[in-house]
Every structure is written in C-alpha cells, then in structure tokens.
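Enquirer: The structure under discussion is supplied below as structure tokens; questions concerning it will follow.
Every number here is computed from the coordinates shown, using simple stated rules; none is lab data. Please read all numbers here as calculations on a predicted model, not as lab measurements. Cβ atoms come from the backbone with ideal geometry, glycine included; neighbour counts cover every protein chain shown.
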Amino acid sequence: MKLVREPSELSNMLGKYAHPLHTVGLVPTMGALHAAHMRLLEVCRLQNDLVVLSVYVNPSQFGPREDLTRYPRDLERDSAMAKSAGCDVLFAPSDGVMYPNGVEGQSIWIDPGELGRHLEGDSRPGHFRGVATVVHKLFEMVRPDRAYFGQKDIQQALIISRMVDDLGMTTKIHTIPTVREKDGVALSSRNVFLTAVQRGEAPSLKAALDAALDAWRNGTRDAPTLEKIARRVLSVGAPSGAVDYVSVASTGTLKPVVATVSEPAVIALAVRFGGTRLIDNELLQP
Ligand code: AMP
C-alpha cells in the first residue's frame, strides 16, 4: 500500500494502473477507522482492481460549534488497518491541497440545495455543502469508477448520488448497510467520546428505530405515529440524551412526510449526549 499526499503523485500512481478494463474504487473517510470503514474497504476490494482510501477531516463540513479540533486523528493506525484490508492507495491530502485558497477564500461550492436543508441540515447548516464539495474534489482527483458510502449517513449518500446524477459524473455510488455493535449501536468514530452512562443508553437509538419498523411492518403508515413510537422508546431508554429530531422523510426529496407514507422513505433520528451527537436510520421498505 502506498501513502500519497499530493494529487500529482496520485495521478502518477493511478496512471500506472491505467488500463481500459481496470476499475478504481474509492472509499472516502475522515479516518479514525473502525469496522464499518473496513467493511466498505472489503466491498470495494471485491469489486475493483484498485482500492483507494481517502482520509481527510474536512473542515468545511464542521459548524463553528462542532468537534473539528477534537475529531480523532491517527494516520499511523489508519494506515495499518487500511493495509490489512487490502487497500492499494491511502490518499491523505493536507488542507492546503484540498483548499488551496483556504476554506474562507474558496468561492465555488457544490450546493445540494433543499436536500441539504432537511434532517441533519436543520441542525447543521452548511454541512452538506462542505460534504458535497469535498467529495466532488476527491472524485476529480481520484476519478473513481465506484465510490462507497455507508447507510448510517443516509442523507450524505443520497446527496452524493444526486450530485453525480445532476452533474453528469460517471462514478457509480454504492451504499453499504449500517454496521453495528452487537447491542445495535451504529459504529461511529464519535462513540469513543461517550461516557459509560451515555454508551449504556446509546442502544436505544436502534431500539427506537426497531419499534417504529415493527409498527411499519404491522401496517402503520402514518408518519407522525411512527415518529411518536420511536420518541417514546428514546424517552425511556435515553434519559440523558437530548433528541434533535426523529423524522420520517422521503428518500427522494428528503422532505419530512407529514401524513401517510406513500413513497420510498426512511426513519431517521439524531440524539445529543452532551457534546456527542449520534445519528441512525432505517429504511421503510414497502
Ligand atoms: P466517516 O469517516 O465517519 O466520514 O465515514 C466514512 C464512511 O463510512 C461514510 O460513508 C460513512 O457513512 C461510513 N460509515 C461510518 N460509520 C458507518 C457504519 N456504522 N455503518 C456503515 N457505514 C458507516
């Protein structure tokens, strides 16, 4: 595996592999790798000739009161894990490479519009503009045939799929099911910040989704009722958490469904435990 920091080095490296039948797969991450990232790499390895992992903590997707400075960083450990997953290239660009004019000095952005304003976008204004822009930059640098994202961040995966469609990009987007701990907690680099009490309450996010899913499978189609069922589980199971939102939303528009669910939808939620915010979701399959 090669560690690459400059796009010029990256294109040399990718050029060496250039072959009309060779495919390049990209797994974009912010590092602090865990088993979910390993799963993305595993799927990428199975489906492509060349596997590129990017590790970049993107400042433009963090709000002013978010955890950019305390976000866990350990490139040495990430590198060892990526190597063991059969990764070929670890691309770890600097801020100077990704934002040559600085974040403040950048004029041109990819704006996901209304898709970026619902769900996570409500509490994190500008987050998806930062995400879409950095992923667009990574796609320009790596030119992957396929890119892999996790369902845990479903809004991100849907926005990137839409970016690719709307801008006529050729990368195919693959979304991998959420990887969980045995007790249902979705793996996240932020879980390390949970206290023992908060970690004890964290399984209630998945339990809340499961309760709503049970009702869904039993025929409940009213979105407010599904949300109420999930909220009830959270209020009992996560008394130290503050619920940011529980929302049934269309997977096409990401708009909240206010009455009957009659299109492909997802139930998504976010809970704040002190300074740590956890998110999760389940698709409401017809
Ligand atoms: P991050 O480094 O947190 O930005 O995540 C990098 C990629 O891993 C994103 O596509 C995430 O959606 C995905 N990911 C993170 N946690 C999980 C998880 N528990 N299950 C599936 N995918 C995940």
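Enquirer: Can you tell me the dipole magnitude for the chain around its Cα centre, using point charges on the Cβ only (Lys, Arg +1; Asp, Glu -1), in Debye to the nearest 20? Before the final figure, lay out the partial values.
Expert: Working: 32 positive and 32 negative charges, 78 e Å.
Dipole magnitude for the chain comes out near 380 debye.
Enquirer: Right, another one. Evaluate E = 1/(1 + (r/R0)^6) for residue 84 and residue 6, where r is the Cβ-Cβ distance and R0 equals 22 Å; express this FRET efficiency to the nearest 0.05. Kindly include the intermediate steps, with their values, before the conclusion.
Expert: Details: r = 25 Å, r/R0 = 1.12.
My answer for the efficiency is 0.35.
Enquirer: First measure r as the distance between the Cβ atoms of residue 262 and residue 13, then evaluate 1/(1 + (r/R0)^6) with R0 = 41 Å and state the FRET efficiency to the nearest 0.05.
Expert: 0.25
Enquirer: Using the number of other C-beta atoms within 10 angstrom as an exposure proxy, rank 79, 11, 247 with the fewest first. Write down the numbers at each step before the final one.
Expert: Numbers: 79 19, 11 15, 247 23.
Listed from fewest to most nearby Cβ atoms, that is 11, 79, 247.
Enquirer: Taking R0 as 22 Å, what's the FRET efficiency between residue 285 and residue 117 from their Cβ-Cβ distance, rounded to 0.05? Each step should come with its number before you reach the end.
Expert: Values: r = 26 Å, r/R0 = 1.16.
The calculated FRET efficiency here is 0.30.
Enquirer: Where does the charge balance sit around residue 132 when Lys and Arg score +1, Asp and Glu -1, over other residues with C-beta under 15 Å from its C-beta?
Expert: Surrounding charge for residue 132 is -2.
Enquirer: Taking the Cα centre of the chain as the origin and placing charges on Cβ (Lys, Arg +1; Asp, Glu -1), which of 92, 267, 158 is farthest toward the positive end of the dipole?
Expert: Checking the options against the dipole of the chain, the answer is 267.
Enquirer: Give the distance, in whole Å, between the Cα centre of segment 87-146 and the Cα centre of segment 56-79.
Expert: After rounding, the separation between the Cα centres reads 14 Å.
Enquirer: Right, here's the next one. Compute the relative contact order of segment 101-151 as a whole-number percentage, counting only Cα pairs closer than 8 Å that sit 6 or more residues apart in sequence.
Expert: Value for segment 101-151: 33 percent.
Enquirer: At a 10 Å Cβ-Cβ cut-off, how would you order 253, 220, fewest neighbours first? Show your work: numbers first, answer last.
Expert: Details: 253 13, 220 16.
Final ranking by Cβ density, sparse to dense: 253, 220.
Enquirer: Hey, another quick one. Could you work out how far helix 154-166 tilts from the main Cα principal axis of the chain, as a 0 to 90 degree angle to the nearest 10?
Expert: Relative to the chain, helix 154-166 is tipped by roughly 50 degrees.
Enquirer: Can you tell which of 106, 22, 131 lies farthest toward the positive end of the dipole of segment 17-143, using +1 and -1 charges on the Cβ of basic and acidic side chains (Lys, Arg; Asp, Glu)?
Expert: Projecting each Cα onto the dipole axis, the largest value belongs to 22.
Enquirer: Given only helices, namely DSSP H runs of n ≥ 4 each adding -39500 (n - 2.57), what is the per-residue ellipticity at 222 nm of the chain, to the nearest 500 deg cm²/dmol?
Expert: On the way: 11 runs with 111 residues, N = 286.
That calculation yields -11500 deg cm²/dmol at 222 nm.
Enquirer: Given H placed on each backbone N at 1.01 Å, which residues far from residue 110 in sequence or on other chains put an amide H within less than 5 Å of it?
Expert: 133
Enquirer: Something else now. Please state the charge dipole magnitude for segment 108-227, taken about the Cα centre, from unit charges on C-beta atoms (+1 on K and R, -1 on D and E), reported in debye and rounded to the nearest 20.
Expert: 360
Enquirer: Skipping prolines and chain starts, which residues have an amide H placed within reach, meaning under 5 Å, of the one on residue 178, given they are 5 or more residues away or on another chain?
Expert: Under 5 Å from the amide H of residue 178 lie the amide H atoms of 151, 152, each far enough along the sequence or on another chain.
Enquirer: How far is it, in nm, from the label point at residue 21 to the one at residue 108 when both lie 7 Å from their Cα along the line to the Cβ?
Expert: 3.7
Enquirer: Cα centroid distance between segment 176-197 and segment 242-272, in Å?
Expert: Segment 176-197 and segment 242-272 have Cα centres spaced 21 Å from each other.
Enquirer: I've got another one for you. Order these by the 10 Å Cβ neighbour count, fewest first: 107, 240.
Expert: 107, 240
Enquirer: In degrees, nearest 10, range 0 to 90: what is the angle between the Cα axis of helix 7-17 and the longest Cα principal axis of the chain?
Expert: Taking Cα atoms only, the helix is inclined about 80 degrees.
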